[in-house]
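Written below as structure tokens is the structure these notes are about.
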Amino acid sequence: DRRWVVGRIEAAIDRAEEAGASIVGLGALTAPATGAGRLLRDRPGITLTTGNAFTAYLTVEAIRRLLPAAPGGHIAIVGATGSVGTCVVRLLADEPLGTDLTLVARRPKPLAALAMDFAAAHTGVAVRTADEIDAVRDADLVVVLTSATDALIGPDQLKRGAIVLDDTQPRNTDPALQRERPDVLVIDGGIAAIPGIDVRGDIGLPRGLAYACLCETMLMAFDRQDAAAIGAASVEHALRMRDAARRFRQLGFGLADP
């Protein structure tokens, strides 16, 4: 029940406000459950962020790092029209890429519009669109940016030697890949190194690492940013987060090692 879920998230934000928080991040699936924060009530004095902009920025950093290991240079982005996915595609318009880009999403109209915008900005790349996950079969580098609760990428859907960058929580790659496809490399995305910060709660990661959405909340607090970042992640906010990460680089906020 969406209303019940939103009510529980509202109660969590109430608790954060009572504890003195002025910036609240919507981590994991709390962002899609609340329509990227748009279903939540306005709260004077509280700034909300989905954390998706810094996630998009770190994803592009990871693509830049991984692309030399993907010889064919064919990139597929699954969840291309989502909040993170759209921002990633728009950031990639300024990046030197391979020769092929496949955008996969369920909504055909925004998908076609996004592909058209990218093609206009990056004329040297052939852009394809698809609404089925099987479209990733020919990709050398598959970027997973969906918000599904189940595994979407299985052993039968990847070419030999493919690299998968899985930015999702919970993971949308099938654990069977480890057993059945030893030729495929799956890398956890959306994770930053923060050696200068002591995260005392258990967030399911080794010490010194944090999810990008949590890092965006930290950066907005450190930088005293009070403009809400809900709805679709914007390129402008992603670049603001990039600049904030550089200002606080003594604490980390760079892309974690795979």
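The values are calculated or read from the model by the stated rules, or taken from the named source; none is laboratory data. What you see is a predicted model, and the numbers here were worked out from it, not measured in a lab. Cβ: placed from backbone, ideal geometry, glycine included. Neighbour counts: every protein chain shown. With ligands, DNA and RNA removed, areas are computed over all heavy atoms of the protein, side chains included. Shrake-Rupley method; radii C 1.70, N 1.55, O 1.52, S 1.80 Å.
With respect to ALA148, is the statement that it is outside any loop (DSSP other than H, G, I, E, B) and within 18 Å of the chain's Cα centre (by Cα) true?
no
Filter the stretch 101-127 down to the residues that are at pLDDT 90 or above and within 20 Å of THR59 (Cα to Cα) and list them by number.
The answer is LEU101, THR102, LEU103, VAL104, ALA105, LEU111, LEU114, ALA115, ASP117, PHE118, VAL127.
Answer with yes or no whether ALA221 is open to solvent by less than 60 Å² (accessible area, probe 1.4 Å), under 30 Å from ALA70 (Cβ atoms) and not basic (Lys, Arg).
Against the criterion (open to solvent by less than 60 Å² (accessible area, probe 1.4 Å), under 30 Å from ALA70 (Cβ atoms) and not basic (Lys, Arg)), ALA221 does not qualify.
Among the residues of the stretch 224-245, write down those that are under 17 Å from LEU58 (Cα atoms) and either without any contact (Cβ under 8 Å) to a residue 60 or more places away in the chain or open to solvent by 30 Å² or more (accessible area, probe 1.4 Å) (or both).
Within the stretch 224-245, ALA232, SER234, VAL235, GLU236, LEU239, ARG240, ARG242, ASP243, ALA244 qualify.
Looking only at the stretch 54-70, filter to residues that are within 23 Å of ARG137 (Cα to Cα) and touching a residue at least 60 places away in the same chain (Cβ under 8 Å); which one of those is most open to solvent (accessible area, probe 1.4 Å)?
This residue is ARG65.
Might you let me know whether the stretch 89-112 holds any residue that is touching a Lys or Arg at 6+ places or on another chain (Cβ under 8 Å) and open to solvent by 50 Å² or more (accessible area, probe 1.4 Å)?
Checked the stretch 89-112: no residue is touching a Lys or Arg at 6+ places or on another chain (Cβ under 8 Å) and open to solvent by 50 Å² or more (accessible area, probe 1.4 Å).
Report, by residue number, each residue of the stretch 169-180 that is under 20 Å from ASP140 (Cβ atoms) and either open to solvent by less than 30 Å² (accessible area, probe 1.4 Å) or touching a helix residue (DSSP H, G or I) at 6+ places or on another chain (Cβ under 9 Å) (or both).
Listed by number, the residues that qualify are ASN172, THR173, ASP174, LEU177, GLU180.
Name every residue in the stretch 44-53 that is in contact with an Asp or Glu (Cβ under 7 Å, 6 or more places away or on another chain) and without any contact (Cβ under 8 Å) to a residue 40 or more places away in the chain, in order of residue number.
ILE46
Return only the number of the condition from (1) out of contact with any helix residue (DSSP H, G or I) (no Cβ under 6 Å at 6 or more places or on another chain); (2) in a loop (DSSP other than H, G, I, E, B) that LEU214 does not satisfy.
(2)
Given GLY25, GLY73, GLY51, which one is on the phi > 0 side of the Ramachandran plot, crowded, with 21+ Cβ neighbours inside 10 Å and touching a strand residue (DSSP E or B) at 6+ places or on another chain (Cβ under 8 Å)?
Just a single option satisfies the conditions, and that option is GLY51.
Just checking, how many residues over the stretch 160-171 are more than 17 Å from ALA212 (Cα to Cα) and at pLDDT below 90?
Selection size over the stretch 160-171: 0.
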